[in-house]
Amino acid sequence: MGIEINRFQGEVDEELLCPICSSVLENPLQAPHCEHAFCSACIHEWLSRQPTCPVDRQNITPPQLRPVPRILRNLLYRLQLTCDNSIYGCTAILKLDALESHVQECEFNPKRPVPCELGCGLVVPKDELKEHNCVRELRSLMQAQQSKLVEVQAEVAESKFQMGEQKRELQLLKDYMLAMRNANPSLRILADQMEADEVRRWAETLPKARVLRWGGMISTPDTVLQLQAMIKRALSESGCPPHIIQDLMENAHERRWPTGLSSLEIRQLNRRQYENYVCRRIPGKQAVAVMACDNGHMNPDMILEPGLIMIFAHGVE
């Protein structure tokens, strides 16, 4: 399994030969006690049959094998040998450590990938180029792609079905919880607390933001519907509890803002209080979420349940 001796220039020392295959050592490993060296593939195949050294029969197991000393590796690297493709016309003489990279790029390598120049552009092994048929290969490629497309479509259909089932079960569960909440005041309190905890946990996953230019606030984002849709998607992708997404988006308009933010004049009067807000950055957007659970320290006329969205033209970091 090593490299044949007749490919090397000059004589090869016996210590560089594998005792199993009698060829020059390839990826050599050493026995732990007797220090005999073997090709990696040769010794692993040998040990799969009997756990002893092929030379002196001392017991060894695969985990006990270790790399050969550096001096032996250096001797191997200094050897010069012919290219694997010498039978195809390559006359290169190389050191062992340069052989692998040369063989991959060797122009005489019959398996070197080359592009078809007849029009299809496919890359095929050099020795298969003469038998290459563009129409046949492209047809085969298209059939493979169509088969893959059918598989993907089936997977998508199955995923949609599973998602539909999960949504249906989730809606049934929500309806059940709602009915139980309405029937039992204790459960109503518990459910409200669970929802509040879910909102708080989500808010804590968002990084805190600093608004540099409060004057860049867009108080009536109805005219920027595409931006609203992007922010709504960002909220959903960030893990925002679904039951508050619509409320948050509606709270992005000043018509829903608390009295302390209800008009431009009032916002200018209360501007000094803005720095006291705890703002959470909506991922990837010039927008922040001002959540009630983060801002209990603010005056009641400056916050809104469950929170409000502030969209900016610029100035959020």
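The values are calculated or read from the model by the stated rules, or taken from the named source; none is laboratory data. Bear in mind the structure is a predicted one, so any value in this text is a computation, not a measurement. Because the Cβ atoms are built from the backbone with ideal geometry, glycine has one as well, and the counts that use them run over all protein chains shown. To get the accessible areas, we keep the full protein, side chains included, count just its heavy atoms, and leave off ligands, DNA and RNA. Shrake-Rupley method; radii C 1.70, N 1.55, O 1.52, S 1.80 Å.
In region 251-285, which residues are surrounded by fewer than 17 Cβ atoms within 10 Å (Cβ to Cβ), polar (S, T, N, Q) and closer than 27 Å to Ser238 by Cβ?
Residues satisfying the conditions are Gln273, Asn276.
For region 190-214, give me each residue that is within 17 Å of Lys285 (Cα to Cα), assigned to a helix (DSSP H, G or I) and in contact (Cβ under 8 Å) with a residue 40 or more places away in the chain.
Those that are within 17 Å of Lys285 (Cα to Cα), assigned to a helix (DSSP H, G or I) and in contact (Cβ under 8 Å) with a residue 40 or more places away in the chain: Ala203, Trp214.
Scan region 51-85 residue by residue and report those that are touching a residue at least 40 places away in the same chain (Cβ under 8 Å) and open to solvent by 50 Å² or more (accessible area, probe 1.4 Å).
Those that are touching a residue at least 40 places away in the same chain (Cβ under 8 Å) and open to solvent by 50 Å² or more (accessible area, probe 1.4 Å): Arg73, Leu75, Gln80.
How many of the residues in region 280-317 are of a type outside the set (A, V, I, L, M) and part of a strand (DSSP E or B)?
Taking region 280-317 as the starting set, the residues that turn out to be of a type outside the set (A, V, I, L, M) are 280-281, 283-286, 293-297, 299-301, 305-307, 312, 314-315, 317.
Filter again for part of a strand (DSSP E or B), leaving 280-281, 307, 312.
Qualifying residue count for the region: 4.
Take Ala289 and tell me if it is open to solvent by less than 10 Å² (accessible area, probe 1.4 Å), of a type in the set (Gly, Ala, Ser) and touching a helix residue (DSSP H, G or I) at 6+ places or on another chain (Cβ under 6 Å).
no
When the residues of region 94-136 are filtered to those that are open to solvent by 50 Å² or more (accessible area, probe 1.4 Å) and hydrophobic (A, V, I, L, M, F, W, C), which remaining residue is nearest to Glu26 (Cα to Cα)?
For region 94-136, the residue satisfying everything is Phe108.
Consider region 273-298. How many of its residues are in contact with a His (Cβ under 9 Å, 6 or more places away or on another chain) and touching a residue at least 24 places away in the same chain (Cβ under 8 Å)?
2
Restrict the check to region 27-35 and report whether at least one residue is touching a helix residue (DSSP H, G or I) at 6+ places or on another chain (Cβ under 8 Å), among the polar types (S, T, N, Q), modelled with pLDDT of 80 or more and under 21 Å from Ala98 (Cβ atoms).
yes
The rows are residues; the columns are (1) touching a strand residue (DSSP E or B) at 6+ places or on another chain (Cβ under 9 Å); (2) modelled with pLDDT under 85.
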residue: Ala196; (1), (2): no, yes
residue: Arg201; (1), (2): no, no
residue: Leu206; (1), (2): yes, no
residue: Arg210; (1), (2): yes, no
residue: Arg213; (1), (2): yes, yes
residue: Gly216; (1), (2): yes, yes
residue: Pro221; (1), (2): yes, yes
residue: Gln226; (1), (2): no, yes
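Gly239 versus (1) surrounded by 16 or more Cβ atoms within 10 Å (Cβ to Cβ); (2) in contact with a helix residue (DSSP H, G or I) (Cβ under 6 Å, 6 or more places away or on another chain): which is the lone unmet condition?
It is condition (1) that Gly239 fails.
Of everything in region 112-154 that's charged (D, E, K, R) and modelled with pLDDT under 75, which residue is farthest from Asn85 (Cα to Cα)?
Top of the filtered list is Glu137.
Mind listing just one residue for me: the one in region 20-35 that is crowded, with 17+ Cβ neighbours inside 10 Å and in a loop (DSSP other than H, G, I, E, B) and, of those, nearest to the chain's Cα centre (by Cα)?
My answer is Glu26.
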